[in-house]
């Protein structure tokens, strides 16, 4: 047991295993975790959990909201549980547990770098999530940098560059095709003011799931002397990729979308801009010397990781990267594609339902489908899917308001409140054909007859006017 506690799966051949422990009132069937047909070892915590329905009864939860956050892999939870048995503050600690945690924390950088195909000298800086990663990178940009970014980006990649002294932001309109995207970037970089440049682009859209032509965009950027930052928050859980093969300079990702929801993300990439910038945060851990006259700071990565770090989060992220890297990614992608096509085709067959995309059939997609139902409020549809069918989806603008406005406007849909609201279903490990078919059947029923129950707005969200569902008691302070 000692060896298991000391070394996670990506530092030894033996993965820690612990019994399942639950502390909730809602029943959870005592069945083994879901085993994806191409992913032995990628069992999901909470698979087969039962959720209450308005009016009584329980049903197995159909989690079709992976685009927002993914559940933990069982190996991730077990590794973190093992770590917590020996948790201590990292760095400079003389105690054994501090040495164990320091080795785990610093060792976690390697499997994350390997997972994204990073170069040997690429820095791996732990952050809170993708948003934090891009804000860190924005903090480190040299003066007079031009940032080129499409309006189709998630706010995490769209907004951090705004209102920063010495930074020129060029926001490009949504392109009609991949080729148009490449041409727009080429023109923007060719006509930019003198100085450094950074192209910020998503790997896969969090709104439509469409995979962007990153390799072509990166080639144009390099030809124009620009660097490329890749938002891989959505791409990383679904498709393998390589920094070197894509030709990008930076990658940002989030653990909570990568089956490691323990509050950690990472920025991976070239160290020179990061080394030259002042610390992102100022405090302990980042400092080399502090005197009455001056303060000097450590090199990257410590330079931008001030404060006591999130050791469980870093270890969780590394464990998820290690587990996914060892899986049959091609098999996973094929199964996901089959589920996604089943979902998209089923929704397209429903009168009044519009499935939204930017490039149409020109590109591949990950397991994300966004749609609207004519005559139905998207928030009410999502509430009905949950309360009446036990299905979890996302509604709203998905932190991509300019893009959603553009999509809905192009489709002639109502842009509510000037922002636009749609429904997003997103599959992941553990998603099944039953989950997808249940969603399609439920949407067909709502589109033709409306929700079964009456809904009212409580705290800004629709909820059944009579809702007898009780939240489970999980925390001791509830």
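The values are calculated or read from the model by the stated rules, or taken from the named source; none is laboratory data. Owing to the predicted nature of the structure, the values given are computational and were not obtained by experimental measurement. No Cβ is skipped: glycine too gets one built from the backbone with ideal geometry, and neighbour counts run over all protein chains shown.
Of 380, 404, 436, 443, which residue is touching a strand residue (DSSP E or B) at 6+ places or on another chain (Cβ under 7 Å) and closer than 18 Å to residue 343 by Cα? Spell out the reasoning first.
On the way: 380 fails: closer than 18 Å to residue 343 by Cα; 404 fails: closer than 18 Å to residue 343 by Cα; 436 fails: touching a strand residue (DSSP E or B) at 6+ places or on another chain (Cβ under 7 Å).
The conditions single out 443.
In region 126-150, how many residues are crowded, with 24+ Cβ neighbours inside 10 Å and under 29 Å from residue 82 (Cβ atoms)?
Of the residues in that region, 4 qualify.
Return yes or no: is residue 250 over 30 Å from residue 81 (Cα atoms), in contact (Cβ under 8 Å) with a residue 60 or more places away in the chain, in contact with a strand residue (DSSP E or B) (Cβ under 7 Å, 6 or more places away or on another chain) and surrounded by 16 or more Cβ atoms within 10 Å (Cβ to Cβ)? Give the steps one after another, and end with the answer.
On the way: over 30 Å from residue 81 (Cα atoms): yes; in contact (Cβ under 8 Å) with a residue 60 or more places away in the chain: yes; in contact with a strand residue (DSSP E or B) (Cβ under 7 Å, 6 or more places away or on another chain): yes; surrounded by 16 or more Cβ atoms within 10 Å (Cβ to Cβ): yes.
Yes; evaluated as a whole, the condition is true for this residue.
Where in region 317-433 are the strands (runs of 3 or more DSSP E), entirely inside, with at least 1 residues that are farther than 28 Å from residue 466 by Cβ?
Hits in region 317-433: 353-356, 368-373, 422-426.
Answer yes or no as to whether residue 67 is in a loop (DSSP other than H, G, I, E, B) and either surrounded by 21 or more Cβ atoms within 10 Å (Cβ to Cβ) or touching a residue at least 12 places away in the same chain (Cβ under 8 Å) (or both). Write out each step before concluding.
Details: in a loop (DSSP other than H, G, I, E, B): yes; either surrounded by 21 or more Cβ atoms within 10 Å (Cβ to Cβ) or touching a residue at least 12 places away in the same chain (Cβ under 8 Å) (or both): yes.
Answer is yes for this residue.
Hey, among the residues in region 199-226 that are out of contact with any helix residue (DSSP H, G or I) (no Cβ under 7 Å at 6 or more places or on another chain) and over 13 Å from residue 153 (Cβ atoms), which one's surrounded by the most Cβ atoms within 10 Å (Cβ to Cβ)?
So, considering only residues that are out of contact with any helix residue (DSSP H, G or I) (no Cβ under 7 Å at 6 or more places or on another chain) and over 13 Å from residue 153 (Cβ atoms), the one surrounded by the most Cβ atoms within 10 Å (Cβ to Cβ) is 209.
Might you let me know whether region 87-95 holds any residue that is over 29 Å from residue 389 (Cα atoms), touching a helix residue (DSSP H, G or I) at 6+ places or on another chain (Cβ under 9 Å) and either crowded, with 18+ Cβ neighbours inside 10 Å or modelled with pLDDT under 50 (or both)?
Yes, some residue in region 87-95 is over 29 Å from residue 389 (Cα atoms), touching a helix residue (DSSP H, G or I) at 6+ places or on another chain (Cβ under 9 Å) and either crowded, with 18+ Cβ neighbours inside 10 Å or modelled with pLDDT under 50 (or both).
With respect to residue 193, determine if the residue is out of contact with any strand residue (DSSP E or B) (no Cβ under 7 Å at 6 or more places or on another chain) and either modelled with pLDDT of 95 or more or within 22 Å of residue 213 (Cα to Cα) (or both).
Judged against the criteria, residue 193 is not a match.
Given 235, 189, 230, which one is in contact (Cβ under 8 Å) with a residue 12 or more places away in the chain and assigned to a helix (DSSP H, G or I)?
Just a single option satisfies the conditions, and that option is 189.
Filter region 267-298 down to residues that are under 20 Å from residue 132 (Cβ atoms) and in a loop (DSSP other than H, G, I, E, B), then give me how many there are.
So the count comes out to 13.
Is it true that residue 21 is at pLDDT below 50, farther than 15 Å from residue 320 by Cβ and assigned to a loop (DSSP other than H, G, I, E, B)?
On the way: at pLDDT below 50: yes; farther than 15 Å from residue 320 by Cβ: yes; assigned to a loop (DSSP other than H, G, I, E, B): yes.
Yes: the conditions hold for residue 21.
Would it be correct to say that residue 8 is modelled with pLDDT under 95, farther than 30 Å from residue 440 by Cα and surrounded by 18 or more Cβ atoms within 10 Å (Cβ to Cβ)?
Yes.
Looking at 157, 181, can you tell me which residue is part of a helix (DSSP H, G or I), touching a strand residue (DSSP E or B) at 6+ places or on another chain (Cβ under 8 Å) and under 19 Å from residue 220 (Cα atoms)? Quick ask: steps written out before the conclusion?
Details: 157 fails: under 19 Å from residue 220 (Cα atoms).
Unique residue meeting the criteria: 181.
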